[in-house]
Amino acid sequence: MTTTADRFGFTLEQHYSLLPAALFSYCAPTSVTTPGIALFNHALAAFLGLDARTLDSAEGAALLAGNVLPEHSTPLAQAYAGHQFGHPNMLGDGRAILLGEQRAPDGRLYDIQLKGAGRTAYSRGGDGRAALGPMLREYLISEAMHALGIPTTRSLAVVTTGEPVYREEVLPGAILARVASSHVRVGTFQFAASRQDHALLQALVDFVIARHYPELTEIERQKQPLALMEAVMDRHIDLVVAWMRVGFIHGVLNTDNVTLSGETIDYGPCAFMDSYHPETVFSSIDHQGRYAYANQPAITQWNLARFAETLLPLIADDPEQAVGPATELIQSFPERYGKKWLAMMRCKLGLFGEDSVDQTLATDLLKWMQSQAADYTNTFRALSSETRPESGPCDSADFRNWYDRWQARLGRNNKPLKSSLCLMRNSNPAIIPRNHQVEKALDAASSEGDLTLARQLLAVLATPYEDSPDKATFKVPPAPEERVCQTFCGT
Ligand code: AMP
Ligand code: MG
């Protein structure tokens, strides 16, 4: 696969398009009237080996909008299926087009995809387009997640199209240039499985192992599918533990939104929790609370069970023999998750080593936070100050009791307090993208074309574990009248 850099630095390779043709449809982006860059990610461009200065321009906007293709691009839309709120559907990229895979200076491949780039073979009734607000939301939140150290797809740019999109109202159109280590999802495997085509499934397994789990090429070929299942499960346990750590609620954990790479994908009606409540739901379409904060581990296990089902024909010739080991693996999820969750909570509480009181200390604090509707982020961050928090609900006998037990446990750390504080400050962000602030930023951009607030937010979210006086306004939870209780997909 020889490639030459174009003047923007693209050296696109085509790997996905070498998979069996059933898995995609070639499809060029539909040109837009007046592309203009709204946000451009210079650091990510440099990371990808792109020429940021050349790309952040009118010519770059035309390319990022799909009006002009980079060299060696063979644009395509990917086929996939998925369980949406528990119900199986045939889906596919209805509005996203993969331009190709960029080999970054780190030696790895990254998908360059334009989301909102026009209709594809999988668009069904949709217009293939996206509105500015939701694309900015994805840019802001995905970049915030990256800065928090959480695996995620990334955002290279948001480009306005100069064209309206028609939703419940008329909105400005935009395209997001999304970067992912691949866009293969559990839904991609479900698509292959639905065709009952072993060769197709095997090709996908080989692709995913080569791309994301090269260490598995070392083991016997027949054992690879089960080993892949385990490796994917471990990555998703780490991912959901990281979400729980920062109070992130994905909102649409359908199987088509679960990547094989273990990256967070598809920032629709997602949000970070302000006051702690395990049943918090933001998504306007999640009426049953299926994807509530505390349900995320169980839903991840459910999604991984759907993944496991697709692999059964490759695990053993006789499906009966495959079910046993696959089920055993899926059933080990709660125990594996529980251990990693507790390890994460130890970090949030500055605890070293293991002590029998740790689990109770963590759950008692959460129960207390729930009873007080305490702010999740600020409560944990306040614990990493050197003195006992005393304001508001912390000035209570219940809290003081918990605090004394915690101090006693810290005393058994056999490490200086400084180490605990350091661990806590690296595990408890000072700044998260608070929903009311994100909504304000999106509103200003959509209704007035004003990106000042979006840029300010991006700047403070770039160093979420560092606190400083100029960040104070971004730490304030919403006043009752500012509270955003619902978020919308905005597709
Ligand atoms: P999502 O909720 O973003 O995960 O999308 C679910 C499915 O709907 C995917 O197959 C999308 O490609 C498709 N979709 C979402 N919005 C549009 C649109 N405006 N036009 C065509 N397809 C869409
Ligand atoms: Mg999706």
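Nothing in this text is a laboratory measurement; each read-out follows from the coordinates by a stated rule. Model, not experiment: these values are computed from the prediction. For neighbour counting, all protein chains shown are included, and Cβ atoms are generated from backbone atoms with ideal geometry for every residue, glycine included.
Structural remarks
- The range 43-156, Rg to Rh (Cα coordinates; Rh as Kirkwood inverse mean 1/r): 0.97
- Pairwise FRET efficiency - ALA373 versus ALA408, Cβ, R0 = 35 Å, nearest 0.05: 0.85
- The chain pair-distance distribution - Cα-Cα, 20 Å bins, rounded %: 23, 54, 22, 0
- On the basis of the beta-carbon distance and an R0 of 51 Å, ASP318 and ALA43 show a calculated FRET efficiency of 0.50.
- Among MET273, PRO393, PRO313 the positive-end extreme of the charge dipole of the chain (Cβ point charges): PRO393
- With each label modelled as a point 7 angstrom along the Cα→C-beta vector, the GLU482-SER419 pair spans 3.9 nm.
- With a threshold of 31 Å on the Cα-Cα distance, the over-threshold entries among LYS340/LYS475; LYS223/LYS340; LYS340/LYS440; LYS348/LYS471 are LYS340/LYS440.
- By the count of other C-beta atoms within 10 Å, a proxy for reagent exposure, ILE37, ILE237 are ordered fewest to most as ILE37, ILE237.
- Stretchable slack from ARG388 to GLN84, in nm (0.36 nm times residue separation minus alpha-carbon distance): 104.9 nm
- The slack between TYR26 and VAL357, meaning 0.36 nm per residue of separation minus the straight C-alpha distance, is 113.4 nm.
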